[in-house]
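Only one structure is covered here, and it is reproduced in the block below.
The values are calculated or read from the model by the stated rules, or taken from the named source; none is laboratory data. Just so it is clear, the structure is predicted and the values come from calculations on it, not from any experiment. Virtual Cβ from ideal backbone geometry, glycine too; neighbours counted across all protein chains shown. Surface areas here come from the heavy atoms of the whole protein model, side chains and all, with no ligands, DNA or RNA. Shrake-Rupley method; radii C 1.70, N 1.55, O 1.52, S 1.80 Å.
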Amino acid sequence: MPTKIILAGEGGQGVQTVAKIIAVTAQRSGKNSSYLPAFGVEQRGGVSLAYLQISSKPITYPRFAKADMVVAFCDRAIPAIKDFLSKDTLFIYDNSVIKNKSLEKIKNLINNYLAMPALALAKEKLSSKVANVVLLGGIIAHLKEIDYQEFEKTLLEEFADKIIKKPEIKDLNLGALKAGIEIAEKFNKEETPFSGIEATEIKTNFSKEKISWQRFPEYCKGCGLCIVRCPTKALQFSRDSGFLGNPMPIVTIEKCIGCGNCMQICPDGAIKVEKST
Amino acid sequence: MPETALPKSWNKESKPHKFCPGCGQALALKILGQAIDELDIQKKMIYATDIGCSLLSWSMFNVDTIQTHHGRTLPLSVGFKKAKPEAIVVSFTGDGGGYAIGAQHLLNTAMRNDPITVILINNANYAMTGGQLAPTTLLNQKTTTAPKGRELAQGKPFKGPEMLAQITSEDAHIARGISTNYQQLLEMYKKAISNQIEGRGFSFVEVIAMCPVNWHTDAQQSLDFAEIEMAKIYPIGELKCPQK
Ligand SMILES: Cc1ncc(C[n+]2csc(CCOP(=O)(O)OP(=O)(O)O)c2C)c(N)n1
Ligand code: SF4
Ligand code: SF4
Ligand code: SF4
């Protein structure tokens with residue numbers, strides 16, 4: 001059973017929740033576990049890393065140099081986890097998020113991998129918010145010494161407050177966990193090569209007469225400020241993804257009056273509007 | 001014509017930046033980037049940042065940047081200015097940094113009319129550490145350390161610009177803006193920095209800014225809390241503007 005696990009993703013992707021659930025479940029199953037969250041700068045920013053260890057023996061130090069399992073949630077995780085890879089490491093990653101360009105950088109270090117379309121599956125069948133729990137399913141499929149029921153229990157405890165407010169959260173999470181386990185159990189390297197997505201060409205330029213409206217998905221975090229600030233309701237979320245895998249707004253250019261409100265309110269500089277006179 | 005919508009003075013390598021989705025502090029820094037561009041001071045200025053979410057901006061600009069302990073950014077900035085008077089020093093801090101742990105520095109810097117520009121983010125909480133009560137937290141506003149909402153017993157919401165307007169010389173520039181009003185905040189920044197460039201002395205802009213993560217608000221609720229609830233208690237405008 002792998003004992004040293006590194007998880008890495010963007011803040012907000014649920015990396016720490018996954019790590020915590022595993023650490024707590026290991027403890028309640030009579031194992032020792034240690035979990036060390038490591039954020040870029042204090043609470044926010046940068047890539048969110050979690051050092052996790054599970055062992056039947058006492059754990060003396062929470063950090064380590066090489067990992068038995070590495071879990072990558074996003075492209076920016078790749079440089080952060082690179083040094084933890086050895087020839088025995090199991091590399092689990094979201095192949096509906098991570099780009100081929102990023103995987104290329106570690107290809108020659110990977111012998112053993114599990115590619116999971118976590119976000120795509122979650123988006124399509126459940127909710128994009130549970131993509132992390134799909135990955136959790138993939139991880140626990142490899143932690144056979146711990147009873148599956150115990151993971152379910154911890155998962156539901158973790159979201160207990162939210163489930164009271166929104167009961168459907170329970171089934172979304174349990175569904176995601178089961179889906180993740182199923183992907184892991186059926187996984188076959190012959191069928192699923194070590195690859196990710198191609199950097200997609202999404203439509204970024206929209207224009208009419210004197211107005212040009214441009215979006216930059218590589219900067220968009222999906223906050224929605226631009227949408228609520230548009231006086232003509234010309235903006236809405238689209239299926240195209242911004243840099244966190246979030247939905248990125250799109251314009252209905254016929255409705256746009258070129259006022260520039262959306263550009264001005266965007267904290268990330270992800271929209272540009274030009275109006276010629 | 002620039003290819004992106006980012007200010008020219010922003011460091012493109014560090015983008016997307018590290019602030020949360022919808023962060024008003026990041027918006028305030030985007031507008032500061034625009035002011036730096038329009039005043040053309042990128043090569044002449046020093047950017048000083050505090051601890052708090054402000055620290056996430058240490059690589060925001062292609063500008064020489066300094067940083068120190070929580071709340072101590074102002075004395076550091078004043079020291080820098082004294083050693084190198086031709087530098088245009090812009091300090092960036094949170095309301096915890098400026099109105100709580102570093103309040104004495106703000107007070108004395110203002111009183112001495114030290115020729116630096118201070119931009120202080122009022123997001124009504126200690127954001128970086130998880131949403132604790134700040135001097136600027138509104139009455140009845142819930143925080144992690146005031147779960148039932150701020151009560152009068154915990155003090156009144158702190159009005160920085162109003163206090164500074166009382167203690168500063170007539171040459172000081174004091175204003176309060178809001179990150180959601182692009183043009184207005186841009187003008188305030190430009191006037192504040194010009195006050196330093198033109199040798200009149202201290203300048204200060206408090207900026208009301210959304211913190212959707214700790215406020216637990218969506219886009220519309222964030223705007224409403226900042227523009228309606230906060231602006232009611234913290235009036236927006238220039239309190240002192242020697243440049244007129
Ligand atoms: C001397 C010192 N005391 C306390 C802390 C812990 N600390 C880090 S950030 C912070 C609060 C930041 O709040 P604020 O200045 O309002 O900035 P924000 O995060 O809201 O932008 C505190 C108390 C510290 N880093 N150093
Ligand atoms: S305001 Fe900017 S970051 Fe937020 S959703 Fe719109 S484009 Fe994306
Ligand atoms: S420019 Fe104005 S009208 Fe056009 S999408 Fe942006 S906010 Fe809406
Ligand atoms: S915690 Fe609040 S202030 Fe800090 S980056 Fe996030 S939204 Fe901005």
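Looking at the range A:1-29, which of its residues are open to solvent by less than 40 Å² (accessible area, probe 1.4 Å) and hydrophobic (A, V, I, L, M, F, W, C)?
Answer for the range A:1-29, where residues must be open to solvent by less than 40 Å² (accessible area, probe 1.4 Å) and hydrophobic (A, V, I, L, M, F, W, C): A:ILE5, A:ILE6, A:LEU7, A:ALA8, A:VAL15, A:VAL18, A:ALA19, A:ILE21, A:ILE22, A:ALA23, A:ALA26.
Here is a yes/no grid of residues against (1) within 17 Å of the chain's Cα centre (by Cα); (2) crowded, with 21+ Cβ neighbours inside 10 Å; (3) of a type in the set (A, V, I, L, M, F, W, C):
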residue: A:ASN100; (1), (2), (3): yes, no, no
residue: A:GLU104; (1), (2), (3): no, no, no
residue: A:ASN111; (1), (2), (3): no, no, no
residue: A:ALA118; (1), (2), (3): yes, yes, yes
residue: A:LYS123; (1), (2), (3): yes, no, no
residue: A:ASP147; (1), (2), (3): no, no, no
residue: A:PHE159; (1), (2), (3): no, no, yes
residue: A:ILE163; (1), (2), (3): no, no, yes
residue: A:ASP171; (1), (2), (3): no, no, no
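Of the conditions (1) more than 16 Å from ligand 4 (Cβ to nearest atom); (2) closer than 30 Å to A:PHE159 by Cα, A:LYS221 satisfies every one except a single condition; which number is it?
Of everything listed in (1) more than 16 Å from ligand 4 (Cβ to nearest atom); (2) closer than 30 Å to A:PHE159 by Cα, A:LYS221 misses just condition (1).
I'm checking my understanding of the structure. Among residues of the range A:257-266 that are at the interface with another protein chain (Cβ under 7 Å from one of its Cβ atoms) and open to solvent by 20 Å² or more (accessible area, probe 1.4 Å), which one is nearest to B:ILE31 (Cα to Cα)?
Ranking the qualifying residues of the range A:257-266, first place goes to A:GLN264.
For the range A:75-101, which residues satisfy the criterion of being without any contact (Cβ under 8 Å) to a residue 24 or more places away in the chain and part of a helix (DSSP H, G or I)?
Across the range A:75-101, the qualifying residue is only A:ASP83.
If A:ILE211 satisfies every condition in (1) more than 16 Å from ligand 3 (Cβ to nearest atom); (2) open to solvent by less than 40 Å² (accessible area, probe 1.4 Å); (3) of a type in the set (Val, Ile, Thr) but one, which is the exception?
(1)
Return yes when B:ILE36 is more than 16 Å from ligand 1 (Cβ to nearest atom), assigned to a helix (DSSP H, G or I) and among the hydrophobic types (A, V, I, L, M, F, W, C) and no when it is not.
yes
Do you know which residues across the range B:160-170 are crowded, with 19+ Cβ neighbours inside 10 Å and in a helix (DSSP H, G or I)?
Hits for the range B:160-170 are B:GLY160, B:PRO161, B:LEU164.
Consider only pairs whose beta carbons are under 6 Å apart and that are at least six residues apart or on different chains; among these, list those whose first residue lies in the range B:127-142 and is within 19 Å of B:PHE19 (Cβ to Cβ) and whose second residue is hydroxyl-bearing (Ser, Thr, Tyr).
Filtered contacts from the range B:127-142: B:GLY130/B:THR144; B:GLY131/B:THR143; B:GLY131/B:THR144; B:GLN132/B:TYR126; B:GLN132/B:THR143; B:GLN132/B:THR144; B:GLN132/B:THR145; B:ALA134/B:TYR126.
Kindly list the number of the only condition in (1) touching a Leu at 6+ places or on another chain (Cβ under 9 Å); (2) open to solvent by 30 Å² or more (accessible area, probe 1.4 Å); (3) in a loop (DSSP other than H, G, I, E, B) that fails for A:GLY269.
Among (1) touching a Leu at 6+ places or on another chain (Cβ under 9 Å); (2) open to solvent by 30 Å² or more (accessible area, probe 1.4 Å); (3) in a loop (DSSP other than H, G, I, E, B), A:GLY269 violates only (2).
Scan the range A:215-236 residue by residue and report those that are within 13 Å of ligand 3 (Cβ to nearest atom) and within 17 Å of A:PRO267 (Cβ to Cβ).
A:ARG215, A:GLY224, A:LEU225, A:CYS226, A:ILE227, A:VAL228, A:ARG229, A:CYS230, A:LEU235
Considering only residues that are open to solvent by less than 10 Å² (accessible area, probe 1.4 Å) and hydrophobic (A, V, I, L, M, F, W, C), which ones fall in the range B:79-96?
B:ALA87, B:VAL89, B:VAL90, B:PHE92
Can you name every residue in the range A:236-256 that is touching a helix residue (DSSP H, G or I) at 6+ places or on another chain (Cβ under 6 Å) and either open to solvent by 20 Å² or more (accessible area, probe 1.4 Å) or outside any strand (DSSP E or B) (or both)?
Correct list: A:GLY245 only.
Considering only residues that are surrounded by fewer than 23 Cβ atoms within 10 Å (Cβ to Cβ) and within 13 Å of another protein chain (Cβ to nearest Cβ), which ones fall in the range B:34-49?
B:GLN34, B:ASP37
Can you spot a residue in the range A:210-219 that is touching a strand residue (DSSP E or B) at 6+ places or on another chain (Cβ under 7 Å), more than 14 Å from chain B (Cβ to nearest Cβ) and of a type outside the set (A, V, I, L, M)?
For the range A:210-219, residues touching a strand residue (DSSP E or B) at 6+ places or on another chain (Cβ under 7 Å), more than 14 Å from chain B (Cβ to nearest Cβ) and of a type outside the set (A, V, I, L, M): present.
Tell me, yes or no, whether the range A:42-60 has at least one residue that is outside any strand (DSSP E or B) and of a type in the set (Asp, Glu).
yes
Taking the stated definitions as given, is B:ILE66 over 22 Å from B:ILE174 (Cβ atoms), assigned to a strand (DSSP E or B), touching a strand residue (DSSP E or B) at 6+ places or on another chain (Cβ under 7 Å) and not small (Gly, Ala, Ser)?
So B:ILE66 fits the description; yes.
Read through the list (1) out of contact with any helix residue (DSSP H, G or I) (no Cβ under 7 Å at 6 or more places or on another chain); (2) of a type in the set (Gly, Ala, Ser); (3) at positive phi, then give the number of the only condition that A:ALA120 fails.
If we test A:ALA120 against (1) out of contact with any helix residue (DSSP H, G or I) (no Cβ under 7 Å at 6 or more places or on another chain); (2) of a type in the set (Gly, Ala, Ser); (3) at positive phi, just (3) comes out false.
Residue-by-condition table, conditions (1) away from chain A (no Cβ under 14 Å); (2) open to solvent by less than 20 Å² (accessible area, probe 1.4 Å); (3) in contact with a strand residue (DSSP E or B) (Cβ under 9 Å, 6 or more places away or on another chain); (4) within 16 Å of ligand 3 (Cβ to nearest atom):
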residue: B:GLY98; (1), (2), (3), (4): yes, yes, yes, no
residue: B:HIS105; (1), (2), (3), (4): yes, no, no, no
residue: B:ASN108; (1), (2), (3), (4): yes, no, no, no
residue: B:MET111; (1), (2), (3), (4): yes, no, no, no
residue: B:ILE116; (1), (2), (3), (4): yes, yes, yes, no
residue: B:ILE119; (1), (2), (3), (4): yes, yes, yes, no
residue: B:THR129; (1), (2), (3), (4): no, no, no, no
residue: B:LEU138; (1), (2), (3), (4): yes, yes, yes, no
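Might you let me know whether the range B:144-159 holds any residue that is within 16 Å of ligand 4 (Cβ to nearest atom), surrounded by fewer than 17 Cβ atoms within 10 Å (Cβ to Cβ) and within 14 Å of chain A (Cβ to nearest Cβ)?
Among the residues of the range B:144-159, at least one is within 16 Å of ligand 4 (Cβ to nearest atom), surrounded by fewer than 17 Cβ atoms within 10 Å (Cβ to Cβ) and within 14 Å of chain A (Cβ to nearest Cβ), which makes the answer yes.
Considering only residues that are near ligand 2 (Cβ under 9 Å from one of its atoms) and touching a Ser or Thr at 6+ places or on another chain (Cβ under 7 Å), which ones fall in the range A:224-277?
Within the range A:224-277, A:PRO247, A:MET248, A:PRO249, A:ILE265, A:GLY269 meet the criteria.
Give the residues of the range A:249-269 that are more than 7 Å from ligand 3 (Cβ to nearest atom) and within 14 Å of B:ALA219 (Cβ to Cβ), sorted by residue number.
Residues satisfying the conditions are A:PRO249, A:ILE265, A:CYS266, A:PRO267, A:ASP268.
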